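The values are calculated or read from the model by the stated rules, or taken from the named source; none is laboratory data. Note that the coordinates shown come from a computational prediction; the quantities given were computed from them, not determined experimentally. For neighbour counting, all protein chains shown are included, and Cβ atoms are generated from backbone atoms with ideal geometry for every residue, glycine included. For the accessible areas, the whole protein counts, side chains as well, though only heavy atoms, and no ligand, DNA or RNA atoms are used. Shrake-Rupley method; radii C 1.70, N 1.55, O 1.52, S 1.80 Å.
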Amino acid sequence: MKAGSYNLRYLGKDVAPNDWPNRGPRVVALLKREKFDIFGAQEAMVPQIATIESENGYRCIGRGREAGGGGEYSCIFYDPERFDCLKENTFWLSETPEAPGSRSWGSACARICTYGLFRDRRNGREFLFANTHLDHISPEARENGIALILERLKPYLRRYPAILTGDFNSFPGDKPVLLAGEKLRDARLRAELAAGPSGTFHGYESDPARRKYSEPIDYLLVTPEIRVRSFRVIEDFQGGLASSDHFPLAAELEIP
């Protein structure tokens, strides 16, 4: 299967040519080119989800992170012709994970993790796919957030191959990535073939020398039994314009 992670950039105050009316067609075009079977999206909002479902044929699971169910999603898009979603859930990265909109540990905003248990119609194999977006301000929130994710997913990790995607707001040597590495493996490092730039956040800057980060903050992690045939950071600038302020990630995976 082809799996991905894609920070879509929320519906904020970006102006043309990087506002959503201009970027939306670029996102739709990238997804048509890449043909992901399943991918985790961060910062997705309802109009963006609606566009991707209608234009690209995906189905989406997840809910918004705010108490009323609105705001940003850390959702999962999947091809409904290939996969059945057997179970889904969203929980909050806080000391009260079942409380919508809750936050802890100095988190700047509510943070969530969405996961689904899927069955591949082609071969009947079942696997877990989870997606998250860790806090951008509080190191404590990032560390406790990933620890909570691993704890909540533990029953599934014992039984199923698993994929975790997300914007960790962390570099490879930072504690959240190291904690995740105790159970999961970075697809970039496991890949038989890897390509693309090292950094994943570019802030719409097409010149690599002027970008804020040269290391990744977005990840696609897998349990050890999953074979990673290829991994790519998708450098999608065309005519100086990209589809988001992050590069998407793509991995060709084989699940036993």
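Here are a few things to note about the model shown:
- Filter result for the condition that a residue is out of contact with any strand residue (DSSP E or B) (no Cβ under 9 Å at 6 or more places or on another chain), within 23 Å of Leu220 (Cα to Cα) and of a type in the set (Gly, Ala, Ser), over Ser94, Ser74: Ser94
- Any pair with Cβ under 9 angstrom, 6 or more apart, that starts in region 238-256 at a residue that is in contact (Cβ under 8 Å) with a residue 60 or more places away in the chain and farther than 30 Å from Asn123 by Cβ and ends at one that is part of a strand (DSSP E or B) and open to solvent by 10 Å² or more (accessible area, probe 1.4 Å): Ser244/Glu43; Asp245/Phe201; His246/Glu43; His246/Phe201
Results for (1) basic (Lys, Arg); (2) over 24 Å from Glu81 (Cβ atoms); (3) in contact with a Lys or Arg (Cβ under 9 Å, 6 or more places away or on another chain), shown as yes or no for each residue.
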position: Trp92; (1), (2), (3): no, yes, yes
position: Arg111; (1), (2), (3): yes, yes, yes
position: Arg122; (1), (2), (3): yes, no, yes
position: Thr132; (1), (2), (3): no, yes, yes
position: His136; (1), (2), (3): no, yes, yes
position: Gly166; (1), (2), (3): no, yes, no
position: Ala180; (1), (2), (3): no, yes, no
position: Asp186; (1), (2), (3): no, yes, no
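- Within region 222-241, if we keep just the residues that are within 17 Å of the chain's Cα centre (by Cα) and open to solvent by 30 Å² or more (accessible area, probe 1.4 Å), the residue that is farthest from Pro161 (Cα to Cα) turns out to be Glu235.
- Gly69 more than 16 Å from the chain's Cα centre (by Cα) and modelled with pLDDT under 95: yes
- Residue match in region 8-28 (condition: in a strand (DSSP E or B) and either at positive phi or of a type in the set (Val, Ile, Thr) (or both)): no
- Any hit, region 59-75, residues being outside any strand (DSSP E or B), within 30 Å of Asn123 (Cβ to Cβ) and free of Cβ contacts under 8 Å to residues at least 40 places away in the same chain: no
- Residues that are in a loop (DSSP other than H, G, I, E, B) and touching a residue at least 24 places away in the same chain (Cβ under 8 Å) within region 144-160 comprise just one, Tyr160.
- When Ala50, Ala99, Ala141, Ala108 are checked against the criterion of being open to solvent by 30 Å² or more (accessible area, probe 1.4 Å), in a helix (DSSP H, G or I) and either under 27 Å from Arg26 (Cβ atoms) or aliphatic (A, V, I, L, M) (or both), Ala50 stands alone in meeting it.
- Number of residues in region 72-95 that are over 18 Å from Tyr156 (Cα atoms) and open to solvent by 30 Å² or more (accessible area, probe 1.4 Å): the value is 4.
- Top-ranked residue of region 161-202 - restricted to ones that are open to solvent by less than 30 Å² (accessible area, probe 1.4 Å) and part of a loop (DSSP other than H, G, I, E, B), ranked as nearest to Glu252 (Cα to Cα): Ala191
- Check on Ser244, open to solvent by 60 Å² or more (accessible area, probe 1.4 Å) and assigned to a loop (DSSP other than H, G, I, E, B): no
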